[in-house]
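Notes follow the structure.
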Amino acid sequence: MNVMPLLLLVAGSAAVAAAGRRTLVPAPLLLVAAGLAVSYIPGVPDYTLDPHVVLPLLLPPLLYTAATDSSYLDLRAQLRPVALLSVGYVLFATVAVGWAAYLLVPGLPLTAALVLGAVVAPPDAVAATAIARRVGLPSRITTILQGESLVNDATAITAYRVAVAAAVGEATSWVGGIGEFLIAAVGGIGIGLVLMVPIHWLRTHLKEALLQNTLSLLIPFVAYGVAEQVHASGVLAVVVVALYLGHRAWEVDFATRLQEDAVWKMVAFVLESSVFALIGLQLPVVLRGLGEYEGADAAWYAVAVFLVVVVTRFVWVYPATFLPRLLSARIREREDNPTWKGAFIISWAGMRGVVSLAIAFSIPQTIHGGEDFPGRNLILFLTFTTVIGTLVVQGLTLPPLIGLLRLPGRDAQAETLAEANAQAQASRAAEQRLDELLTDERNALPEPLADRLRTVLERRRNAVWERLGQPNPITGETVDDTYRRLAREMISAEREVFVKLRDLRYIDDEMLRTLLRRLDLEEAAAYRETT
């Protein structure tokens, strides 16, 4: 097995993603563009998306990281708009895009057109999260987009299976399709609910951080595999488990959280970078199979389907945003009044991604009777052009569009005040608990050490309030920036001494690693106190 293409893919995509962090262009777009450019270089091997790899091996960890970073409470508060988008919109887009393709492409059966509709219906979890994080969308819009992207893949995959069954000649009906969807959804949620408690119990009872993090890496694959084994939705099973574990993450010990945060950030970075690069690298594979649809007709079909995908989202989002408020007094009382600007951004932020391509590549080659699947190569091409079109057109224009609409971002001042008040309450509780403990003779400490504990609490309490202070008139630094810089300078000086002592053989390498680990934790604490 030649692993060099895989190594080149990971290394190249990581390098492009790292470069993208220093530009105004979102990294996903640079990765797609780099993939397109590299695909034209002679000698570059074909990177064909294998749905048997993407769906069970790449999708679960990407969904897991997105879900654990999401807020269960925020998603619950936005459950109605999330459900309308992740279920209602996906089904609406499947029918609308499928019907339009059926009318547009001569000879394309309606069942095959509905397969195309299901394939391009779901906005991508990775794309939505990456773009939303980069442009700093308001928290409510970000929650809705993240919640939609976590669940809509399950809706699309189920709709795709029903459409493919009809296209290949297997007996099916709309009633049967709805039943299959309900079984997959209920089954996926049920399996997630069954797995989440014992998995969390195991996480909290394992005593070694390495074992806990090994378990953490297995969790998304286990949840997905168990659900798919019984023909339930693996996507929903992963999301349910991840939301629960993320909500209860505070019950896991600190060493696990520190390691887990670093491990999953690395995993997400590698997978996200590779996924977007893979999208661009699909161009030769897709073009090679176009056959009878080459030329101006294929280009026209691509533009038309892209426009239908974009318009369809607007057609769904605006009524889904405002009609419930008009029909329900309870909704008007409980929820803030949405604006047309917010609905416009949600409509425009419907980028498609690798899941659509992976589903398209899983379309069977033949139908019952041995005949070729009707329009399979065209469906692949239209999926590819829709993914590229939404990522490039919508992804590039979303940041300036937010600026043009003057959409309010997150209120940093209010968030800092809320953080400071929360820290003050926690510090008071900690001081009270410390006083209680010190009254017990078994906890007797020399006064300097007791004062040190109180100083740590005071520093933690004051650090947040200091972020609200005026910047230094000379350097322009905020107080917390200066504190962080000075702390790092002090730690750096200590680190140089430790290394020098090791080089002089005064201490050995094992002791050096212990001392450096201690400094690393202190530097991390200084950074976290001010960010």
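The values are calculated or read from the model by the stated rules, or taken from the named source; none is laboratory data. Fair warning: this is a prediction, and the values are worked out from it, not measured in the lab. All Cβ positions, even for glycine, are placed from backbone atoms using ideal geometry, and neighbour counts span all protein chains on display. When the accessible area is computed, the model is the full protein with side chains, heavy atoms only, and any ligands, DNA or RNA have been set aside. Shrake-Rupley method; radii C 1.70, N 1.55, O 1.52, S 1.80 Å.
Taking a ≥ b ≥ c as the square roots of the eigenvalues of the Cα gyration tensor of segment 218-347, is the shape rounded (a/c under 1.5), prolate (a/b larger than b/c) or oblate? Here segment 218-347 falls in the oblate category.
To test your reading of the geometry: what angle, between 0 and 90 degrees and rounded to tens, separates the Cα axis of helix 296-327 from the longest principal axis of the chain? Computed tilt is about 60 degrees.
Against the chain, whose longest principal axis is taken from its Cα atoms, helix 412-438 shows a tilt of about 50°. With contacts taken as Cα pairs under 8 Å and at least 6 residues apart, the chain reaches a relative contact order of 20 percent. The calculated FRET efficiency for residue 327 paired with residue 186, based on their beta-carbon distance and R0 = 35 Å, is about 0.85.
For segment 34-72, chymotrypsin sites (Phe, Trp or Tyr not before Pro) are listed when DSSP marks them as loop and at most 13 other Cβ atoms sit within 10 Å of their Cβ; the list is 40.
Counting heavy atoms of the protein chains only and a 1.4 Å probe, report the per residue accessible area for the chain as a whole number of Å². Could the numbers behind the result be given before it?
Working: 27340 Å² over 531 residues.
Accessible area per residue, the chain: 51 Å².
Taking 251, 489 and ordering them by how much accessible surface each has at a 1.4 Å probe, largest first, produces 489, 251. Taking amide H atoms as placed 1.01 Å from N in the peptide plane, the amide H of residue 25 has no partner under 5 Å among residues 5 or more positions away or on other chains.
Residue-wise HN-Hα couplings along segment 201-215, as the Karplus relation 6.51 cos²θ - 1.76 cosθ + 1.60 with θ = phi - 60° gives them from phi, are 4, 5, 4, 7, 9, 6, 9, 10, 4, 5, 5, 5, 6, 4, 4 Hz; Gly and Pro carry x. Suppose R0 equals 25 Å; then what is the FRET efficiency for residue 269 and residue 249 from their Cβ-Cβ distance, rounded to the nearest 0.05? Calculated value: 0.80.
Subtracting the Cα-Cα distance of residue 258 and residue 444 from their residue separation scaled by 0.36 nm leaves 63.9 nm.
Under the criterion of Cα pairs below 8 Å and six or more residues apart, the relative contact order for segment 1-146 equals 22 percent. Mean sequence separation of contacting Cα pairs (under 8 Å, at least six apart), scaled by the length of segment 234-385, corresponds to a relative contact order of 31 percent.
Solvent exposure of residue 500, expressed as accessible area, is near 130 Å², computed with a probe of 1.4 Å over the protein chains only. Can you tell me the orientation of helix 254-281 relative to the chain, as the angle in degrees between its alpha-carbon axis and the longest Cα principal axis, to the nearest 10? Once rounded, one gets 30 degrees. Taken about its Cα centre, segment 1-135 carries a charge dipole of about 400 debye when Lys and Arg each add +1 at the Cβ and Asp and Glu each add -1 at the Cβ. Here the chain is assigned +1 on the Cβ of each Lys and Arg and -1 on the Cβ of each Asp and Glu. Its dipole about the Cα centre then comes out at about 840 debye.
The helix-only estimate of mean residue ellipticity at 222 nm for the chain, built from DSSP H runs of length n ≥ 4 each weighted as -39500 (n - 2.57), is -24500 deg cm²/dmol after division by the residue total. Overall, the accessible surface of the chain at a probe of 1.4 angstrom is composed of carbon and sulfur to the extent of 64 percent. Under the rule of at least 5 residues apart or a separate chain, name every residue whose amide H is placed under 5 Å from the amide H of residue 407. HN-HN under 5 Å from residue 407: empty list.
Between residue 18 and residue 318, the contour length at 0.36 nm per residue exceeds the Cα-Cα span by 104.3 nm. Report, ordered by chain and residue number, the aspartates and glutamates lying within cross-link reach of residue 500, taken as a straight Cα distance under 12 Å and ignoring same-chain residues fewer than 8 apart. By straight Cα distance, residue 500 reaches 508, 509.
Along its three principal directions, the equivalent ellipsoid of the chain from the Cα gyration tensor extends over semi-axes of 47, 27, 24 Å, largest first.
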